[in-house]
Amino acid sequence: MISKSIKAALLCSIVLFASCKKDEKQSENKEETTTMSDNVLLQEWTGPYEGVPAFDKMNVADIKEAVEKGMELNLAEIDVIANNTEPATFENTIVAMEASGKTLGDVFTYYGILSSNMSSPEFREIQGELAPKLSEFSSKISQNSKLFQRIKTVYDASQKTPLEAEAQRVVELTYKSFEMNGANLDDAKKERYAEINKELSSLYNDFSDHVLHDEENYVTYLTKDQLNGLSEGFVKSAAKIATDKGQDGKYAITNTRSSMDPFLTYSTERELRKQVWTNYYSRGDNGDEFDNNDLIAKILKLRRERVELLGYDNYAQWRLQDRMAKTPENAMALMNAVWPAAIGRVAEEVADMQTVANELGDNITIEPWDYRYYAEKVRKKKYDLDSDEVKQYLQLDKLTQALFFTAGELFNFAFTPVEEGKVPVFHEDVKVWEVTDKDSGKHIGLWYLDPYARQGKRSGAWATTYRSYTSFEGVTNVLASNNSNFVKPAPGEAVLVSWDDATTFFHEFGHALHFFSANVKYPTLNGGVRDYTEFQSQLLERWLSTDKVINQFLVHNKTGEPIPASLVAKIKKASTFNQGFGTTEYLASALMDMKLHLADPEGIDIDKFERETLAELKMPKELPMRHRTPHFGHVFSGEGYATAYYGYMWADVLTADASEAFAEAPGGFYDKDVAAKLVKYLFAPRNAMDPAEAYRLFRGRDAKIEALMRDRGFPVTTTK
Ligand SMILES: [Zn+2]
């Protein structure tokens, strides 16, 4: 579900801004790129639709050379910009940077496919070899002090005499990105900054290694008489894992979420549930050489020291400044507003479960290892949904048509299949559509769909772009893709999917529509903001259950009848089930993430801090945090989600609130005026406009949390 442009994300994290924009048109003075190599991956995209990737000629053997050459070309471009003897201007510095990195960006389209859609052991080896080189490449740009001086000159001038809005925004984002990463420090501080980063990266590695160790080394083996309640499929796979681990005849419950979760939900063996639960929630916290508590204290201390070098009070303040939330206080205010309702709901859920346990004559008090087990019993009793019955109405082909219908209604896009063979694809399953404006017929781009699971394809679903919209060197078309893992049917058979998978299909298409509707001048303005980019895609999920989609597309695969309203009502009702558990376990982790980074790291005792913080929060004793601190990989195996775990809920608030704007409109979810505002303010500007301001323009006010509370079935109290 959490998906994004992989390539863009990778590039953005690796090279800051200098190259996270593969997308612009070839500028006139780059004829050398066409003659420099016979490596297919380095060649300019040719063919129809303003040039398309040569996926049919892609070869793993070419990727390493292509990436290395792409980095070399990009660094050469950066050198030219940094060493320009003319005074720094917006054109010769910022625009020049925006125009650089074209070849590397194109190569990364192939890299993304080889990594996510068509992976192989051969590719993974190359990936390992390239990792340190890419990191070095990134440093060479972010630490180029001549380059930064020129950026700073342009930035300082823009603070006195502002440029036009998009130019101003790209200057500020570029400057901020360098500044946030230490470019503005004096030499002594820069040296310390680099040392800290080096130390942190090795601590992040150790952290992950420790968690992995505890995941691999705490396996619970069951005997044949301990399988009560477990499904046949689960038992089969547990038997196979045990055999692979040399314990033939036993059944292995590994120490991972995918094994733990179903076991705790279905196993009738309470003592074993306790053991499996304890193993899982003790990862990184076993008091041995793989214990992460001290390591986390070191990480927090180094992070604080690093942001203090930059003049910030704490890590959260530094991290959130370019996010929609902007300050830790804003993020905390949201979490604190939802928290009491979440734990209140837990109390109700526990009471429901205790009743079921008593009815069953189980002489127990609900403990954390009982939560999933009795929750499942409550679910069956209160909300029983036959998922197989629902599936009969969810056919992949019809759902794809439903996506196109929605895009037509809201965005005025038309999707037309591109004849086979006209555009190269990397696998025969991949289909391509041309996207045009419904009225004018104007070409907008191509949509690639890679629907089916296969060996070498990563799991889950995601969206990405091969080329994004920009207009600073002439308007570009958009090449966007959606990728899923549906099971490929026998020829002529319909693909039937679950409600969750249909929702995800809409979600990922929301990312694609966000790409197609972009109207930004500069590549950098296509970038994502972590607590904002999931909002657009989450919002699109809501169209799955609108009447127009239901009546036309959610029809029975044999009878053609639309899905009954009673079944849809059941699905919606079930969506609020167990929200106490879900919200509380998530929020406890999100609050801990923030509080750990706001606390004084000097002499911090992580174990004690976690215990005391949970006590202060009045954390219900019947459930743990979703990720306890000693194995909170989002936050401590790198920096991707450090003080950012709140972001999921932030995006949820926007989603719920924006969806009510449609629900309240005269035309409901198909209201033309609200749709026009949606496209204009929430989709088209991407990061060309401050997200908070964009939202205000859409809604006429800031988002309120009430809609989210209603979505989750929580009591609504009036808050700001
Ligand atoms: Zn997403």
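What is the stretch 572-686 by shape, rounded, prolate or oblate, if you read a ≥ b ≥ c off the alpha carbon gyration tensor as root eigenvalues and call it rounded for a/c under 1.5, prolate for a/b larger than b/c, and oblate otherwise? Prolate, because a/c is 1.5 or more and a/b exceeds b/c.
Per residue of the chain, the DSSP helices (runs of n ≥ 4 H) give a summed -39500 (n - 2.57) that works out to -17000 deg cm²/dmol at 222 nm. Computed over the chain, the quotient of the alpha carbon radius of gyration and 2.2 N^0.38 Å is 0.98.
May I ask you to list the residues of the stretch 356-375 whose amide nitrogen lies under 12 Å from a point 7 Å from Cα along the Cα→beta-carbon direction of K621? Residues 365-368 fall inside that zone. The label point for T278 and the one for D209, both projected 7 Å from the Cα toward the Cβ, are 2.8 nm apart. Modelled spin labels at E389 and K488, positioned 7 Å past Cα toward Cβ, are 3.4 nm from each other. Expressed as a whole percent, the accessible surface of the chain that belongs to carbon and sulfur atoms is 49, based on a 1.4 Å probe.
Distance between the C-alpha centres of the stretch 623-669 and the stretch 142-199: 30 Å, rounded to the whole angstrom.
Of all DSSP bridge pairs formed entirely within the chain, close to 75 percent run antiparallel.
Extension gain for K558-K301 works out to 86.3 nm (0.36 nm per residue, less the C-alpha to C-alpha distance).
Report the trypsin sites (Lys or Arg not before Pro) located in the stretch 422-488 that are in a DSSP loop and have at most 16 other Cβ atoms inside 10 Å of their Cβ, or state none. Could the numbers behind the result be given before it?
On the way: sites: K422, K431, K438, K442, R454, K457, R458, R467; in loops: K422, K438, K442, R454, K457, R458.
Passing sites in the stretch 422-488 are K422, K438, K442, R454, R458.
With a cut-off of 16 Å on the backbone N, the residues of the stretch 93-133 near the modelled label site 7 Å out from D79 along Cα-Cβ are 101. Of the cross-linked pairs K152/K326; K391/K572; K146/K189; K391/K558; K573/K672; K152/K176, those separated by over 19 Å at the C-alpha level are K152/K326; K573/K672.
Gain on full extension, evaluated as 0.36 nm per residue between R611 and V235 minus their Cα-Cα distance, stands at 131.8 nm. Computed from the Cβ-Cβ distance with R0 of 30 Å, the FRET efficiency linking D156 to Y312 stands at 0.90. Distance between the pseudo-spin-label points of L697 and Y221 (7 Å out from Cα toward the beta carbon): 6.4 nm. Provide the FRET efficiency to the nearest 0.05 for the K57-S258 pair, computing r from the beta carbons and using R0 = 51 Å. E(calc), rounded to 0.05, equals 0.85.
Here the gap between N197 and S37, fully extended at 0.36 nm per residue and compared with their Cα-Cα distance, gives a gain of 54.0 nm.
Annotation for the stretch 267-344 versus the stretch 396-424: alpha-carbon center distance of 42 Å.
When only DSSP loop residues count, what GluC sites (Glu not before Pro) in the stretch 262-358 have their Cβ near at most 15 other Cβ atoms within 10 Å?
Answer in residue order: E289.
On a per residue basis, the chain carries 42 Å² of accessible surface, using protein heavy atoms and a 1.4 Å probe. In a DSSP loop and with at most 15 other Cβ atoms within 10 Å, the GluC sites (Glu not before Pro) in the stretch 134-167 are E164. For R628, neighbours were defined as the other residues whose beta-carbon sits under 12 Å from its Cβ, and their charges (Lys and Arg +1, Asp and Glu -1) total -3. Taking all protein chains as shown and a probe of 1.4 angstrom, K382 keeps an accessible surface of around 100 Å².
The values are calculated or read from the model by the stated rules, or taken from the named source; none is laboratory data. If you're wondering where the values come from, they're calculated on a predicted model, not measured in any experiment. Cβ: placed from backbone, ideal geometry, glycine included. Neighbour counts: every protein chain shown. Each accessible area value is taken on the protein alone, full model and side chains, heavy atoms only, with ligands, DNA and RNA left out. Shrake-Rupley method; radii C 1.70, N 1.55, O 1.52, S 1.80 Å.
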